[in-house]
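Visitor: Take a look at the following structure, please.
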Amino acid sequence: MKDNEQAIYDTLSRALLAGMLTPGAPLREPALAKVFGISRERIRKILQRLGSNRLIELVPNRGAFVASPAQEQAHGIYEARRILEGGIVGHLAASPGADTVERLREHMDRESAALKSGDRAESVRLSMQFHMILAEATGNFFIVQQMQELVSRTSMLVAVYEAANASQCACEEHRDIFTALVGGDGAGAARAMRAHLSLIETRLRPGVMAPARDAVELLAQLWAASAHTAHTGTLDARHANSIGRGA
(Lines give C-alpha, C1' and ligand atoms only; values in the text may rest on other atoms or scores of the structure.)
Protein backbone atom coordinates (compact mmCIF):
# COMPACT_ATOMS: atom_id res chain seq x y z
CA MET A 1 0.00 0.00 0.00
CA LYS A 2 2.79 2.42 0.92
CA ASP A 3 4.67 1.53 -2.26
CA ASN A 4 1.57 2.27 -4.32
CA GLU A 5 1.11 5.64 -2.64
CA GLN A 6 4.75 6.48 -3.37
CA ALA A 7 4.27 5.50 -7.01
CA ILE A 8 1.23 7.78 -7.25
CA TYR A 9 3.12 10.62 -5.56
CA ASP A 10 6.00 10.10 -8.00
CA THR A 11 3.65 10.22 -10.99
CA LEU A 12 2.04 13.43 -9.80
CA SER A 13 5.32 15.11 -8.88
CA ARG A 14 6.85 14.08 -12.22
CA ALA A 15 4.00 15.76 -14.09
CA LEU A 16 4.32 18.87 -11.94
CA LEU A 17 8.10 19.19 -12.09
CA ALA A 18 8.10 18.62 -15.84
CA GLY A 19 5.69 21.54 -16.23
CA MET A 20 3.10 19.27 -17.86
CA LEU A 21 0.12 20.57 -15.88
CA THR A 22 -1.32 24.03 -16.38
CA PRO A 23 -0.82 26.32 -13.35
CA GLY A 24 -4.09 26.76 -11.48
CA ALA A 25 -5.65 23.58 -12.88
CA PRO A 26 -7.90 21.85 -10.31
CA LEU A 27 -6.93 18.42 -8.97
CA ARG A 28 -10.25 16.91 -7.94
CA GLU A 29 -10.10 14.15 -5.35
CA PRO A 30 -12.90 11.97 -6.82
CA ALA A 31 -11.41 12.05 -10.32
CA LEU A 32 -7.88 11.33 -9.08
CA ALA A 33 -9.11 8.51 -6.84
CA LYS A 34 -10.72 6.92 -9.91
CA VAL A 35 -7.58 7.35 -12.06
CA PHE A 36 -5.28 5.79 -9.47
CA GLY A 37 -7.75 3.25 -8.13
CA ILE A 38 -7.52 4.25 -4.47
CA SER A 39 -9.79 5.91 -1.92
CA ARG A 40 -10.30 9.68 -1.65
CA GLU A 41 -8.73 9.55 1.80
CA ARG A 42 -5.49 8.17 0.41
CA ILE A 43 -5.51 10.67 -2.48
CA ARG A 44 -6.02 13.45 0.05
CA LYS A 45 -2.97 12.26 1.97
CA ILE A 46 -0.86 12.35 -1.20
CA LEU A 47 -2.15 15.81 -2.12
CA GLN A 48 -1.29 17.07 1.35
CA ARG A 49 2.27 15.84 0.87
CA LEU A 50 2.49 17.60 -2.50
CA GLY A 51 1.14 20.72 -0.85
CA SER A 52 3.73 20.63 1.92
CA ASN A 53 6.40 20.52 -0.80
CA ARG A 54 4.72 23.50 -2.52
CA LEU A 55 4.14 21.61 -5.75
CA ILE A 56 0.40 22.26 -5.48
CA GLU A 57 -1.80 24.74 -3.64
CA LEU A 58 -4.33 23.52 -1.10
CA VAL A 59 -7.18 26.00 -0.69
CA PRO A 60 -9.52 25.48 2.29
CA ASN A 61 -13.08 24.60 1.24
CA ARG A 62 -12.06 24.63 -2.44
CA GLY A 63 -9.56 21.81 -2.93
CA ALA A 64 -6.19 21.25 -4.58
CA PHE A 65 -4.79 23.13 -7.56
CA VAL A 66 -1.58 23.02 -9.57
CA ALA A 67 0.68 25.66 -8.06
CA SER A 68 0.66 29.06 -9.77
CA PRO A 69 3.97 30.56 -8.63
CA ALA A 70 4.24 34.33 -9.01
CA GLN A 71 7.30 35.19 -11.06
CA GLU A 72 7.40 38.55 -9.30
CA GLN A 73 8.49 36.73 -6.12
CA ALA A 74 11.45 35.08 -7.83
CA HIS A 75 13.99 37.83 -7.16
CA GLY A 76 13.45 37.87 -3.40
CA ILE A 77 13.59 34.08 -3.19
CA TYR A 78 16.75 33.77 -5.30
CA GLU A 79 18.40 36.63 -3.42
CA ALA A 80 17.84 34.69 -0.19
CA ARG A 81 19.31 31.59 -1.80
CA ARG A 82 22.37 33.47 -3.07
CA ILE A 83 23.10 34.75 0.42
CA LEU A 84 22.53 31.40 2.14
CA GLU A 85 24.08 29.06 -0.43
CA GLY A 86 27.09 31.26 -1.10
CA GLY A 87 27.85 30.90 2.59
CA ILE A 88 27.22 27.16 2.53
CA VAL A 89 29.73 26.35 -0.22
CA GLY A 90 32.25 28.84 1.15
CA HIS A 91 32.08 27.04 4.47
CA LEU A 92 32.24 23.54 2.99
CA ALA A 93 35.25 24.30 0.77
CA ALA A 94 37.50 24.42 3.84
CA SER A 95 36.88 20.72 4.44
CA PRO A 96 34.17 19.16 2.23
CA GLY A 97 34.77 15.59 3.42
CA ALA A 98 35.32 12.53 1.24
CA ASP A 99 31.74 11.28 1.66
CA THR A 100 30.27 14.59 0.52
CA VAL A 101 32.60 14.79 -2.47
CA GLU A 102 31.72 11.26 -3.56
CA ARG A 103 28.00 11.86 -3.04
CA LEU A 104 28.13 15.02 -5.16
CA ARG A 105 30.15 13.30 -7.89
CA GLU A 106 27.67 10.42 -8.12
CA HIS A 107 24.78 12.86 -8.05
CA MET A 108 26.15 14.88 -10.97
CA ASP A 109 26.51 11.65 -12.96
CA ARG A 110 22.79 11.05 -12.39
CA GLU A 111 22.07 14.61 -13.51
CA SER A 112 23.99 13.99 -16.73
CA ALA A 113 22.11 10.73 -17.31
CA ALA A 114 18.73 12.43 -16.82
CA LEU A 115 19.75 15.19 -19.20
CA LYS A 116 20.88 12.69 -21.82
CA SER A 117 17.61 10.75 -21.55
CA GLY A 118 15.54 13.90 -21.95
CA ASP A 119 13.83 13.40 -18.58
CA ARG A 120 12.78 16.94 -17.71
CA ALA A 121 11.07 16.09 -14.42
CA GLU A 122 14.05 14.09 -13.18
CA SER A 123 16.43 16.86 -14.22
CA VAL A 124 14.47 19.41 -12.20
CA ARG A 125 14.25 17.08 -9.19
CA LEU A 126 17.96 16.27 -9.26
CA SER A 127 18.89 19.91 -9.72
CA MET A 128 17.01 20.78 -6.53
CA GLN A 129 18.55 17.80 -4.72
CA PHE A 130 22.08 18.98 -5.57
CA HIS A 131 21.50 22.04 -3.42
CA MET A 132 20.01 19.99 -0.61
CA ILE A 133 23.06 17.70 -0.55
CA LEU A 134 25.24 20.75 0.05
CA ALA A 135 22.96 21.98 2.83
CA GLU A 136 22.91 18.56 4.49
CA ALA A 137 26.71 18.41 4.35
CA THR A 138 26.87 21.30 6.84
CA GLY A 139 25.25 19.09 9.48
CA ASN A 140 23.23 22.11 10.60
CA PHE A 141 19.52 21.44 11.11
CA PHE A 142 18.54 25.11 10.76
CA ILE A 143 20.37 25.52 7.47
CA VAL A 144 18.72 22.38 6.09
CA GLN A 145 15.31 23.60 7.26
CA GLN A 146 15.75 26.97 5.56
CA MET A 147 17.01 25.35 2.37
CA GLN A 148 14.03 22.99 2.24
CA GLU A 149 11.72 26.01 2.39
CA LEU A 150 13.59 27.96 -0.30
CA VAL A 151 14.06 25.01 -2.65
CA SER A 152 10.38 24.12 -2.34
CA ARG A 153 9.46 27.67 -3.29
CA THR A 154 11.66 27.63 -6.39
CA SER A 155 10.92 24.13 -7.71
CA MET A 156 7.65 25.14 -9.37
CA LEU A 157 9.08 28.47 -10.55
CA VAL A 158 11.61 26.44 -12.54
CA ALA A 159 9.02 23.89 -13.68
CA VAL A 160 6.63 26.58 -14.93
CA TYR A 161 8.86 29.39 -16.18
CA GLU A 162 12.16 27.80 -17.27
CA ALA A 163 12.59 26.47 -20.81
CA ALA A 164 13.08 22.70 -21.00
CA ASN A 165 16.51 23.00 -22.66
CA ALA A 166 17.92 24.98 -19.71
CA SER A 167 18.83 21.78 -17.81
CA GLN A 168 22.09 21.54 -19.76
CA CYS A 169 23.20 24.90 -18.34
CA ALA A 170 22.28 23.96 -14.77
CA CYS A 171 24.24 20.71 -15.00
CA GLU A 172 27.38 22.51 -16.22
CA GLU A 173 27.02 25.19 -13.54
CA HIS A 174 26.82 22.54 -10.82
CA ARG A 175 30.13 21.12 -12.04
CA ASP A 176 31.71 24.59 -11.80
CA ILE A 177 30.59 24.82 -8.17
CA PHE A 178 31.84 21.30 -7.47
CA THR A 179 35.25 21.97 -9.03
CA ALA A 180 35.84 25.05 -6.89
CA LEU A 181 34.55 23.25 -3.79
CA VAL A 182 36.82 20.21 -4.05
CA GLY A 183 39.72 22.51 -4.91
CA GLY A 184 39.34 24.25 -1.57
CA ASP A 185 38.48 27.55 -3.26
CA GLY A 186 35.77 28.86 -0.96
CA ALA A 187 35.56 32.28 -2.60
CA GLY A 188 35.41 30.69 -6.06
CA ALA A 189 32.72 28.23 -4.98
CA ALA A 190 30.64 31.07 -3.52
CA ARG A 191 31.01 33.10 -6.73
CA ALA A 192 30.05 30.08 -8.86
CA MET A 193 27.01 29.41 -6.67
CA ARG A 194 25.80 33.01 -6.76
CA ALA A 195 26.32 33.14 -10.54
CA HIS A 196 24.42 29.86 -10.96
CA LEU A 197 21.43 31.06 -8.97
CA SER A 198 21.42 34.41 -10.80
CA LEU A 199 21.47 32.61 -14.15
CA ILE A 200 18.54 30.42 -13.11
CA GLU A 201 16.64 33.58 -12.25
CA THR A 202 17.40 35.14 -15.64
CA ARG A 203 16.25 31.95 -17.40
CA LEU A 204 12.76 32.25 -15.93
CA ARG A 205 10.52 33.62 -18.64
CA PRO A 206 6.84 34.63 -18.57
CA GLY A 207 4.73 32.62 -20.94
CA VAL A 208 6.88 29.46 -20.75
CA MET A 209 4.02 27.29 -19.51
CA ALA A 210 2.36 24.01 -20.25
CA PRO A 211 -0.48 24.25 -22.77
CA ALA A 212 -3.96 23.93 -21.33
CA ARG A 213 -4.78 20.23 -21.08
CA ASP A 214 -7.14 18.21 -18.96
CA ALA A 215 -5.08 17.29 -15.90
CA VAL A 216 -7.00 14.09 -15.18
CA GLU A 217 -6.63 12.82 -18.75
CA LEU A 218 -2.90 13.51 -18.73
CA LEU A 219 -2.38 11.87 -15.34
CA ALA A 220 -4.34 8.82 -16.49
CA GLN A 221 -1.97 8.48 -19.44
CA LEU A 222 1.09 8.88 -17.23
CA TRP A 223 -0.24 6.33 -14.74
CA ALA A 224 -0.87 3.85 -17.54
CA ALA A 225 2.68 4.43 -18.80
CA SER A 226 3.97 3.91 -15.26
CA ALA A 227 2.09 0.60 -14.99
CA HIS A 228 3.65 -0.49 -18.28
CA THR A 229 7.07 0.46 -16.92
CA ALA A 230 6.49 -1.68 -13.84
CA HIS A 231 6.01 -4.69 -16.14
CA THR A 232 8.79 -3.98 -18.63
CA GLY A 233 11.32 -2.50 -16.19
CA THR A 234 12.11 0.37 -18.55
CA LEU A 235 10.99 3.98 -18.71
CA ASP A 236 11.12 5.97 -21.92
CA ALA A 237 11.44 9.50 -20.56
CA ARG A 238 11.05 11.07 -23.98
CA HIS A 239 7.77 9.19 -24.42
CA ALA A 240 6.57 10.41 -21.00
CA ASN A 241 7.47 13.96 -21.96
CA SER A 242 5.62 13.57 -25.28
CA ILE A 243 2.50 12.70 -23.30
CA GLY A 244 2.89 16.00 -21.46
CA ARG A 245 3.14 17.87 -24.76
CA GLY A 246 0.03 16.16 -26.06
CA ALA A 247 1.93 14.26 -28.78
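Visitor: Using only the Cα atoms, work out Rg/Rh for segment 12-98, with Rh taken as the Kirkwood radius, to two decimals.
Guide: Values: Rg = 17.8 Å, Rh = 15.4 Å.
We get a ratio of 1.16 for segment 12-98.
Visitor: Ignoring any ligand, DNA or RNA, what whole percent of the accessible area of segment 21-125 comes from carbon and sulfur when the probe is 1.4 angstrom?
Guide: Details: 2770 of 5300 Å².
Carbon with sulfur: 52 percent of the solvent-accessible area.
Visitor: In sequence order, what are the phi-derived ³J(HN,Hα) couplings for segment 126-139 according to the Karplus relation 6.51 cos²θ - 1.76 cosθ + 1.60 with θ = phi - 60°, rounded to whole Hz, with x for glycine and proline?
Guide: 5, 4, 5, 5, 3, 6, 6, 4, 5, 4, 5, 5, 6, x
Visitor: With a ≥ b ≥ c taken as the square roots of the eigenvalues of the C-alpha gyration tensor of segment 103-180, please select rounded if a/c is under 1.5 and otherwise prolate if a/b is larger than b/c or oblate if it is not?
Guide: Values: a/c = 2.17, a/b = 1.29, b/c = 1.68.
In terms of gyration-tensor shape, oblate.
Visitor: Can you give the accessible area per residue of the chain, in Å², using a 1.4 Å probe?
Guide: Details: 11990 Å² over 247 residues.
Normalised by residue count, the accessible surface of the chain is 49 Å².
Visitor: Would you pull out the residues with amide H under 5 Å of S68's amide H, same chain only if 5 or more places away, H placed 1.01 Å from N?
Guide: G24
Visitor: If packing is taken as the average number of other Cβ atoms within 10 Å across a peptide's residues, how do 5-12, 181-188 rank, most packed first? Please report the intermediate quantities before stating the final value.
Guide: Working: 5-12: 18.0, 181-188: 16.2.
For the peptides 5-12, 181-188, the packing ranking is 5-12, 181-188.
Visitor: For the ranges 68-74, 127-133, what's the packing order if you count other beta-carbon atoms within 10 Å of each residue, average per peptide, and put the highest first?
Guide: Numbers: 68-74: 13.7, 127-133: 18.1.
My ranking of the peptides, most packed first, is 127-133, 68-74.
Visitor: What's the magnitude of the charge dipole for the chain around its Cα centre, counting Lys and Arg as +1 and Asp and Glu as -1 at the beta-carbon? Answer in Debye, nearest 20.
Guide: Working: 28 positive and 27 negative charges, 137 e Å.
My answer is approximately 660 debye.
Visitor: If you build the Cα gyration tensor of the chain and take the root of 5 times each eigenvalue, what three semi-axes come out, in whole angstrom, biggest first?
Guide: Details: eigenvalues 204, 73, 61 Å².
They are 32, 19, 17 Å, listed from largest to smallest.
Visitor: I've got another one for you. Positive end of the dipole of the chain, charges at C-beta (+1 Lys, Arg; -1 Asp, Glu), about the Cα centre: which of M20, T100, V182 has its Cα farthest in that direction?
Guide: So the residue furthest toward the plus end is M20.
Visitor: Same structure again: Starting from the Kirkwood Rh over alpha-carbon pairs, what translational D in µm² s⁻¹ does segment 85-220 have by Stokes-Einstein at 37 °C and 0.692 mPa s?
Guide: Estimated diffusion coefficient is 210 µm²/s.
Visitor: Going by average Cβ neighbours within 10 Å, how do the peptides 57-63, 78-84 rank, with the highest at the top?
Guide: On the way: 57-63: 11.3, 78-84: 17.9.
Sorting 57-63, 78-84 by mean packing, highest first, produces 78-84, 57-63.
Visitor: Further question: What is the helix-to-structure angle for 40-52, meaning the angle in degrees between its Cα long axis and the longest Cα principal axis of the chain, kept from 0 to 90 and rounded to the nearest 10?
Guide: The angle comes out at about 20 degrees.
Visitor: Describe numerically, in nm with one decimal, the distance between label points set 7 Å from Cα along Cα→Cβ at S52 and at R205.
Guide: Output for this residue pair reads 3.7 nm.
Visitor: Give the distance, in whole Å, between the Cα centre of segment 75-139 and the Cα centre of segment 166-208.
Guide: If we compute the Cα centre of each part, the gap is 10 Å.
Visitor: With r as the distance between the Cβ atoms of D176 and S68 and R0 = 35 Å, compute the FRET efficiency 1/(1 + (r/R0)^6) and round to 0.05.
Guide: Values: r = 32 Å, r/R0 = 0.92.
Result of the calculation: an efficiency of 0.60.
The values are calculated or read from the model by the stated rules, or taken from the named source; none is laboratory data. Since this is a predicted model, take the numbers as computed values, not measurements. Positions of Cβ are backbone-derived with ideal geometry, glycine not excepted, and every protein chain shown enters the neighbour counts. The accessibility values were calculated without ligands, DNA or RNA, using every heavy atom of the protein model including side chains. Shrake-Rupley method; radii C 1.70, N 1.55, O 1.52, S 1.80 Å.
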